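The values are calculated or read from the model by the stated rules, or taken from the named source; none is laboratory data. Values in this document were obtained by computation on a predicted structure and should not be read as measured data. All Cβ positions, glycine included, derive from the backbone under ideal geometry; neighbour counts span all protein chains shown.
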Amino acid sequence: MTTHGDAVGPSALSAVPAASDENQQVNVAAGGPSERTGTGWTRPANDDNSTEPGEIPATVSRLAAALSRLRAALGAVAYPLVLPSAEEARKVGSALSSQLDDYLLPRLARLDAPLLVVVGGSTGAGKSTLVNSLVQAPVSRAGVLRPTTRCPVLVAHPDDLAWFGRGGLLPGLVRTIDPSNDPKALQVIPAASVGPGLALLDAPDVDSVVEHNRELAAQLLAAADLWLFVTSAARYADAVPWELLKTARLRGTVVALVLDRVPIDAAAEVAAHLGEMLTAHDLGGAPLFVVPEAGLDEKGLLPDTAAGPIGAWFGQLAGDAGARATVVRQTLDGALRALAPALTGLAEASDEQSRVAGGLDERVTAAYRQARATAEEGLQDGRLLRGEVLARWQEFVGTGEFLRSLESRVGHLRDRLLATLTGRPAPSRSLQVALESQLVTLLRGLATDAAEQTWAAWHAHPAGDALLTKDLQTASADLPQRADRLVRDWQQWVLDLVRREAADKRSVARGAAYAVNGAGLAVMIAVFTSTAFIPTGLEVAVGTGTTVAAQKVLEAVFGDQAIRTLATRARTELLARVDELLEAEAARFTERTAAVRLEAEPGTLLRQVASEVENARKELALTGPAS
């Protein structure tokens, strides 16, 4: 059985480190008189921010408003891309959000609320036994099984239960009066032995084998006005506790330490070594209590000689409103001061998200910009006049259907009759189908090439690769249907354009729809060349005679400039529709980075609200006059 002896260590009250860069020390008993305004604000007698009773100082309101904006900003910023900084940023952002909800906002709203002492430490350090001994009742389960503490236990004076029971601090934990295994529960126990104005919270082990317990312990410690950190002679040099103590120092949290279960003959040596470690970690001013090994009574409590000095220290703290106000203000100011560097890190992580998202989007833009350029080249260099389109065009012109379509309805009726008898479509219909097929083939190839290029570019980047899914490796499954519809709609648009432009051309009007169809097909052919039938370059090789013949007829009907204008307008309209198609294809990629592209730059937003909070903190001057 473990035995305990007499307590050795410092006096009941000891200096605690202030949250300043110089590690200024203040005595918890030296807070001075204070005055309650009745509004949740404790106003020290020398507070330059004082107002009339019943009013909350404007400096407090400004800081609360800045913290609310910060909370909203943290909720709006995400780190969706897989980057080395993302996971840490998500953890820090979540921790800051929790601290704002659990501590900063409720504490700022009630600076005169009871002081919360969170008892934390390593597995088996004796936290629950110490809490029970300070309360003089077995309120928190203690034992050899791990983890011992199932849900955190908060012990407060009955007069303070209204504050802790209604969920001002730690609002995410459900209050209960009975022991619970609910990981989101907080057992609240009244105890008259705990002086009014102060509460003890027994937290889970900071190095628990249960991940939730570790996370909850960190959350509770972040909501503490004062940490009572408990470790043992066997484990005081472990890394995990010192990481948390470092966090406390950086936050400016007031800390007291208990070195528990120390062999009597090693107490002086171990205490001296721990004191050296505290000094090396800039925590030399923290109160240190050494509790030697001692037997427990029938209730499982430490003897008064072991826990007495700690109980007396808390008793004096509970009885001194000025000392409590000093601790609260110091810890609150330190937590507020620590926001700036943390937010700077989040802003940098957010900037990296934006930069990488922009780089991925640039890869998408480059691939689909090239596809668009290829489409434009294809409409200018005559390549679409090859093969089936050229053959059908020459057939259309060579058989005389083109000319007949512009002259009268008779040719149309004769060709329809011939098509019925022979089972072959009219040359005009064959040409229209060839044009449609050639354009659809071009668009499908362009979209597929762009998707493959973007896939390869994203696959080469870890953040991009994490966003890819198999369907992105090629064009959309419904692209062929959308491309078909695009070409058909464009062809109808061209026919409508020709109909409007030719309304006063008698030679076209006589043939009505059949004449418009012939002229429209000729305009579509003109779209596929950069010179609108002027025989140069590739166009010479693909059928100059027939194109020039058609050009002359169209010029006679519409005029030289008109045919060029019609072809230009038709080409522009086609490219606009192609742009829409390619933009929709590119959006399959860019929508996956859209979460990073917010209306306001996240990094800029975080820096802005961080500056507002820091300015408001300095103006409030919780730990002294504003400089």
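Considering the stretch 257-269 alone, what residues qualify as being surrounded by fewer than 19 Cβ atoms within 10 Å (Cβ to Cβ) and out of contact with any helix residue (DSSP H, G or I) (no Cβ under 9 Å at 6 or more places or on another chain)? Don't jump to the end; show me each part of the working.
Looking only at the stretch 257-269, we keep the residues that are surrounded by fewer than 19 Cβ atoms within 10 Å (Cβ to Cβ), and these are 263-266, 268-269.
The answer is ILE264, ASP265, ALA266, ALA268, GLU269.
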Consider ASP159 carefully, then state whether it is surrounded by fewer than 23 Cβ atoms within 10 Å (Cβ to Cβ) and within 17 Å of GLN219 (Cβ to Cβ). no
Going residue by residue through the stretch 229-236, is there one that turns out to be modelled with pLDDT of 90 or more and under 35 Å from the mean Cα position of the chain (by Cα)? yes
Just to be sure, is TRP313 assigned to a helix (DSSP H, G or I) and touching a His at 6+ places or on another chain (Cβ under 9 Å)? no
ALA503 modelled with pLDDT under 90, in a helix (DSSP H, G or I), more than 25 Å from VAL596 (Cα to Cα) and out of contact with any Asp or Glu (no Cβ under 7 Å at 6 or more places or on another chain): no
For the stretch 68-118, which positions are buried (at least 19 other Cβ atoms within 10 Å of the Cβ) and among the β-branched types (Val, Ile, Thr)? VAL77, VAL117, VAL118
Output for the stretch 220-256, where each listed residue is of a type in the set (S, T, N, Q), surrounded by 23 or more Cβ atoms within 10 Å (Cβ to Cβ) and closer than 23 Å to ASP333 by Cβ: THR253
Being crowded, with 23+ Cβ neighbours inside 10 Å and either modelled with pLDDT of 95 or more or in contact with a Lys or Arg (Cβ under 6 Å, 6 or more places away or on another chain) (or both) narrows it down to one of ALA447, ALA519, ALA456, so name that one. ALA447
If ALA616 meets every condition in (1) under 30 Å from TRP493 (Cβ atoms); (2) at pLDDT 95 or above apart from one, which number is that one? (1)
Of these, ALA312, ALA272, ALA318, which one is hydrophobic (A, V, I, L, M, F, W, C) and either closer than 30 Å to SER94 by Cβ or crowded, with 19+ Cβ neighbours inside 10 Å (or both)? ALA318
Are any of the residues in the stretch 85-103 of a type outside the set (Asp, Glu), outside the structural domain of PRO196 (by TED's automatic domain parsing) and not in a helix (DSSP H, G or I)? yes
With respect to GLU573, is the statement that it is crowded, with 17+ Cβ neighbours inside 10 Å and part of a helix (DSSP H, G or I) true? no
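Just wondering, is there one or more residues in the stretch 107-116 that are more than 26 Å from LEU245 (Cβ to Cβ), of a type outside the set (D, E, K, R) and without any contact (Cβ under 8 Å) to a residue 24 or more places away in the chain? I'd like the intermediate steps shown before the answer.
Initially, the stretch 107-116 is screened for residues more than 26 Å from LEU245 (Cβ to Cβ), giving 109-110, 112.
Remaining after also requiring of a type outside the set (D, E, K, R): 109.
Imposing the further condition that a residue be without any contact (Cβ under 8 Å) to a residue 24 or more places away in the chain reduces the set to none.
Checked the stretch 107-116: no residue is more than 26 Å from LEU245 (Cβ to Cβ), of a type outside the set (D, E, K, R) and without any contact (Cβ under 8 Å) to a residue 24 or more places away in the chain.
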Condition test on PRO80, is it outside the structural domain of PRO190 (by TED's automatic domain parsing), in contact (Cβ under 8 Å) with a residue 60 or more places away in the chain and part of a loop (DSSP other than H, G, I, E, B)? yes
Say whether the condition of being part of a helix (DSSP H, G or I), touching a helix residue (DSSP H, G or I) at 6+ places or on another chain (Cβ under 8 Å) and within 28 Å of ASN615 (Cβ to Cβ) is met by at least one residue in the stretch 355-375. no
What's the number of the only condition in (1) closer than 17 Å to SER128 by Cα; (2) surrounded by fewer than 20 Cβ atoms within 10 Å (Cβ to Cβ); (3) of a type in the set (D, E, K, R) that ASP282 fails to meet? (1)
Within the stretch 207-224, can one find any residue that is in contact (Cβ under 8 Å) with a residue 60 or more places away in the chain and of a type in the set (Lys, Arg)? no
